Amino acid sequence: MADLTLEDVRRLAASLSLPVTRDDAAEIAHRLNAFLDALAALDALPLEQVEPLPTRPEGSA
Amino acid sequence: MSAVDDDLAFTGAARQAALVREKRVSPVELVTAYLERIERLDGRLRAFITVCRESALAAAARAEAEAARGNWRGPLHGIPFAVKDQLDTAGVLTTAGSALLRTNIPAADSTVVARLKAAGAILLGKLNLTEFALGGTIRFPYGQPRNPWNPEHDPGGSSSGSGIAAAAALCSITLGEDTGGSVRSPASYCGAVGLRPTWGRVSRHGCFPAAWSMDQVGPLTRTVEDAALVLGLIAGYDAKDPLTSRAAVADYCGALTGGATGLRIGVIAELVDGADTQMQVRAAVREASRGLADLGAAVEDVSLPLVPLAGAVFMALCDSEAAGRHKGWLSERAEEYDQGTRRRLVTAGLIPAVAVHRAARARALIREQVLEALGKFDLLLAPTSPHPAPAIASHTAPVTSKEEAGARFFGRRSYTTPASLAGVPAISVPCGFTSGGLPIGLQLIGRPFAECAVLRAADAWEKAAGLASRRPPLAAAGAPL
């Protein structure tokens with residue numbers, strides 16, 4: 001997937017009413033692209049084999 | 001302050017409590033000794049946001065009078081403690097490390113503070129932290145916290161002040177809060193002991209939240225014995241936190257046998273030998289694993305291949321939850337946030353829901369891998385951090401690429417977040433020093449509610465290694481005398 005550009009990030013943030021200052025924009029874009037790369041890599045895992053439970057019910061084995 | 005007073009300040013809380021009970025030390029002496037150290041050292045270290053000088057002295061005088069009458073409140077009668085400023089304290093400023101809460105004075109104590117007070121402990125103050133316990137703060141609104149072993153270096157976070165205050169002996173015991181390593185990281189960087197209990201073992205009532213399914217309050221202390229003592233007092237069911245467990249609270253101090261015989265310990269190969277792990281850290285952790293074998297444990301390597309993904313998975317889950325919680329303030333008071341916090345929260349608000357859902361499923365896979373390994377081993381062993389405390393300047397500089405962002409924010413978190421994602425207990429205990437004099441932390445991870453095994457191994461190692469008696473060279477490191 002192509003990296004999001006600064007303009008992409010500004011538009012996305014504006015649509016969600018999230019504040020992106022001129023100083024913050026570049027770093028937010030780098031951080032977001034790092035997230036998207038890292039989380040895309042999870043597709044290689046057998047994610048459908050598990051339920052997305054945040055914790056195991058207490059007392060379960 | 002005399003050398004005798006300094007010795008008293010560095011004495012473990014369990015020993016201090018015994019000295020108070022034997023009337024060889026008074027609560028007023030203890031509180032006065034710590035207030036003097038705070039005045040002398042904290043202008044540079046900035047562990048404290050608020051020092052409760054007058055109320056602590058008054059409480060110490062009451063404790064002294066009660067002791068004279070033979071009236072003992074509990075196991076920590078007259079012992080000064082301080083807590084991360086994320087924990088509510090009745091009538092005392094509680095900022096969560098943010099300028100947004102600069103006037104917030106809670107009406108009631110958090111459950112853990114109430115329990116320590118009920119045990120006779122005296123609140124000495126509130127401790128500095130990264131803003132909203134999230135990490136990555138660039139400008140701390142209440143002063144830049146500094147590592148007692150070298151003030152140019154980071155003390156770790158988010159429970160920064162708790163790690164500093166424990167290591168520099170600015171109070172007897174401290175509490176922090178650990179979502180993804182926020183107790184263990186400052187313990188590792190500052191050369192203290194930091195325990196993350198099992199999720200649900202300790203009440204989070206009155207604690208400003210970061211991520212509900214991982215937040216957990218835990219002690220930061222100078223010895224494992226003190227961590228065991230504190231855990232025994234704060235653990236247990238709390239009707240005000242419905243996610244606390246009703247499981248019986250164990251005798252944690254009684255578990256400290258001084259040996260590791262019978263324990264099976266798996267050394268997580270991906271973390272000890274990982275490319276990010278610095279050579280001196282690897283050597284110290286391998287040496288500790290050999291030391292635990294000498295103490296009677298059966299030690300062997302184990303592979304957990306999903307663990308290196310834990311940092312990114314954790315941040316996607318924790319940060320997206322935080323972004324949701326802060327959405328209103330972010331929209332209306334964005335300029336009051338620290339720049340680092342604001343960038344982190346805005347970024348998290350832009351992560352697609354599908355990606356967060358993938359992270360939630362990956363979390364379950366990581367948890368099952370950790371728990372499967374803990375089916376074979378009593379404990380897992382790893383470095384707490386791949387490196388010692390970095391220079392403050394190195395991690396407040398702007399991020400200039402996505403590769404740098406990934407390395408800086410996800411990499412080191414993969415060392416502490418596996419225990420957080422799995423909800424299991426983990427401790428950081430000192431295991432050595434770099435050639436530059438910075439502490440190195442050893443992490444021991446246990447089965448759910450098996451804090452006794454974690455504490456037993458950590459205590460045995462601590463006593464064998466003899467590192468708990470080493471004190472930070474505060475004056476030589478530039479702290480004002």
Of the candidates A:Pro52, A:Pro46, A:Pro57, the one satisfying the condition of being surrounded by fewer than 19 Cβ atoms within 10 Å (Cβ to Cβ) and more than 8 Å from chain B (Cβ to nearest Cβ) is A:Pro57
What about B:Ala169, is it within 20 Å of B:Leu116 (Cβ to Cβ), surrounded by fewer than 24 Cβ atoms within 10 Å (Cβ to Cβ) and away from every other protein chain (no Cβ under 14 Å)? yes
Just one of (1) surrounded by 18 or more Cβ atoms within 10 Å (Cβ to Cβ); (2) within 30 Å of B:Glu335 (Cα to Cα) trips up B:Ala63, so point out which. (2)
Kindly indicate whether B:Arg201 is of a type in the set (Lys, Arg) and closer than 23 Å to B:Gly74 by Cβ. yes
The stretch B:417-432 residues that are touching a residue at least 60 places away in the same chain (Cβ under 8 Å), paired with ones that are outside any helix (DSSP H, G or I) and polar (S, T, N, Q) (beta carbon under 6 Å, 6 or more apart): B:Gly423/A:Thr55; B:Pro425/B:Thr198; B:Ala426/B:Gln443; B:Ser428/B:Thr384; B:Ser428/B:Gln443
Please pick out the residue among B:Ala360, B:Ala407 that is out of contact with any strand residue (DSSP E or B) (no Cβ under 7 Å at 6 or more places or on another chain), in a helix (DSSP H, G or I), surrounded by fewer than 21 Cβ atoms within 10 Å (Cβ to Cβ) and modelled with pLDDT under 95. B:Ala407
Here is a list: B:Thr347, B:Thr396, B:Thr400. Which entry is crowded, with 24+ Cβ neighbours inside 10 Å and either among the polar types (S, T, N, Q) or closer than 11 Å to B:Ala316 by Cα (or both)? B:Thr347
Out of B:Leu444, B:Leu421, which single residue is crowded, with 23+ Cβ neighbours inside 10 Å, within 15 Å of B:Glu287 (Cα to Cα), at pLDDT 95 or above and within 18 Å of the chain's Cα centre (by Cα)? B:Leu444
Count of residues meeting criterion [surrounded by fewer than 20 Cβ atoms within 10 Å (Cβ to Cβ), part of a loop (DSSP other than H, G, I, E, B) and small (Gly, Ala, Ser)] in the stretch B:88-118: 4
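Residues to consider are B:Val299, B:Val370, B:Val313; find the one that is crowded, with 19+ Cβ neighbours inside 10 Å, part of a strand (DSSP E or B) and in contact (Cβ under 8 Å) with a residue 60 or more places away in the chain.
B:Val299
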Provide a single number: the residues in the stretch B:426-453 that are in contact with a helix residue (DSSP H, G or I) (Cβ under 6 Å, 6 or more places away or on another chain), of a type outside the set (Val, Ile, Thr) and more than 14 Å from chain A (Cβ to nearest Cβ). 9
Flag for B:Ala210 being at pLDDT below 95, among the small types (Gly, Ala, Ser) and part of a loop (DSSP other than H, G, I, E, B): yes
If you scan the stretch B:277-294, which residues turn out to be buried (at least 18 other Cβ atoms within 10 Å of the Cβ) and either aliphatic (A, V, I, L, M) or out of contact with any strand residue (DSSP E or B) (no Cβ under 8 Å at 6 or more places or on another chain) (or both)? B:Val281, B:Ala284, B:Val285, B:Ala288, B:Gly291, B:Leu292
Are any residues in the stretch B:184-207 over 19 Å from A:Pro57 (Cβ atoms), in a loop (DSSP other than H, G, I, E, B) and either among the charged types (D, E, K, R) or out of contact with any Gly (no Cβ under 9 Å at 6 or more places or on another chain) (or both), and if so, which ones? B:His205, B:Gly206
A:Ala26 being more than 7 Å from chain B (Cβ to nearest Cβ) and not in a helix (DSSP H, G or I): no
Taking the criterion of being facing chain B (nearest Cβ under 8 Å), in contact with a Ser or Thr (Cβ under 9 Å, 6 or more places away or on another chain) and surrounded by fewer than 17 Cβ atoms within 10 Å (Cβ to Cβ), would at least one residue in the stretch A:10-21 satisfy it? yes
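Against the condition free of Cβ contacts under 8 Å to residues at least 12 places away in the same chain and under 23 Å from A:Glu51 (Cα atoms), how does B:Gly375 come out, does it pass?
Yes, satisfied.
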Can you find, within the stretch B:325-375, the residue that is nearest to the other protein chains (Cβ to nearest Cβ) among those that are under 27 Å from the mean Cα position of the chain (by Cα) and of a type in the set (Ser, Thr, Tyr)? B:Thr347
Among the listed residues A:Ala41, A:Ala13, identify the single one that is closer than 30 Å to B:Ala422 by Cα and assigned to a helix (DSSP H, G or I). A:Ala41
Selected residue (criterion: nearest to B:Leu263 (Cα to Cα)) from residues of the stretch B:429-478 that are among the basic types (Lys, Arg) and part of a loop (DSSP other than H, G, I, E, B): B:Arg447
Qualifying positions in the stretch B:389-403 - within 14 Å of another protein chain (Cβ to nearest Cβ) and over 11 Å from A:Asn33 (Cβ atoms): B:His395, B:Thr396, B:Ala397, B:Pro398, B:Thr400
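The values are calculated or read from the model by the stated rules, or taken from the named source; none is laboratory data. This structure is a prediction, so every number in the text was calculated from the model and none was measured. All Cβ positions, glycine included, derive from the backbone under ideal geometry; neighbour counts span all protein chains shown.
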